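Input: a single structure, listed below in structure tokens.
Where a number appears in this text, it was derived from the coordinates with a stated rule and is not lab data. Here the structure is a predicted model, which is why all the values come from computation and not from measurement. Methodologically, a virtual Cβ is constructed for each residue, glycine included, from the backbone with ideal geometry; neighbour enumeration extends over all protein chains shown.
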Amino acid sequence: MVKRILGIGLLVFMICMTVISLTDTEEQEQANNVNQDEGNQKGAGIVPPGETGIETGNYAPDFEVKTLSGETFKLSDLRGEKVILNFWASWCGPCKKEMPEMQKFHEEYGDQVKVVAVNLTGKDSGIKAVQEYVDKNGYTYPIPLDKNSEIQDAYSVYNIPTTYFIGTDGKVQQPPKFGPMDYDYMVEMMNKLS
């Protein structure tokens with residue numbers, strides 16, 4: 001009888017540990033990825049590099065949206081300039097890691113390369129949270145708001161941060177960067193753009 005009770009207790013313990021493990025894994029994925037499905041939820045799936053994004057040599061899809069500061073932003077207005085086009089969300093840890101590096105780069109090289117950080121607003125925690133985060137950290141580069149995930153879809157962005165490097169011809173000139181960038185990496189990419 002004692003063995004039976006211990007066996008049942010062990011079984012219940014193992015089931016509970018499995019459920020906790022699965023829940024932790026799902027929460028971690030939601031914190032790190034953008035959902036491939038439509039909606040306002042943080043994501044579940046990771047798309048391997050090479051299976052996503054605009055190919056090098058193709059024109060960067062144009063878009064026109066409002067920025068966080070309320071101005072109209074149109075990518076094609078930057079034709080003739082080098083552009084670092086980044087995709088991010090305020091809940092994304094790796095995005096938070098690279099944004100100060102982007103600000104430093106923007107302050108140093110903003111006259112040579114335009115830094116544009118598209119907020120995946122449709123997948124983020126709301127415009128107020130984005131505004132508070134940007135204000136708190138003093139980011140001054142343009143932040144277009146992708147409220148309906150149309151820009152995200154056009155660029156096939158499934159993992160964030162993702163960054164595209166666009167030349168003066170309006171074409172993607174380097175493979176996209178999946179994951180956070182640092183200042184030195186941005187300088188290296190700037191020097192490869194024409």
By a straight-distance test (C-alpha under 20 Å), which lysines pair with Lys114 as possible cross-link partners, with residues fewer than eight away in the same chain excluded?
Lys66, Lys74, Lys82, Lys96, Lys97, Lys104, Lys171, Lys177, Lys192
Place the peptides 64-77, 87-100, 113-126 in order of packing, highest mean first, counting for every residue the other Cβ atoms within 10 Å and averaging per peptide.
113-126, 87-100, 64-77
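Taking K and R as +1 and D and E as -1, what net charge do the other residues with C-beta under 14 Å from the C-beta of Gly138 add up to? Intermediate values should be presented prior to the final figure.
Numbers: positive: Lys96, Lys104, Lys136; negative: Glu101, Glu107, Glu132, Asp135.
Summing Lys and Arg as +1 and Asp and Glu as -1 gives -1.
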Cα gyration tensor, segment 64-192 - rounded (a/c under 1.5), prolate or oblate:
rounded
Note down the nm distance, to one decimal, between modelled labels 7 Å out along Cα→Cβ at Asp62 and at Lys97.
3.7 nm
Identify the chymotrypsin sites (Phe, Trp or Tyr not before Pro) of segment 111-194 meeting these criteria: DSSP loop state and at most 10 other C-beta atoms within 10 Å of the C-beta.
none
What is the distance, in nm, between label points placed 7 Å from the Cα along the Cα-to-Cβ direction at Glu81 and at Ile127?
2.3 nm
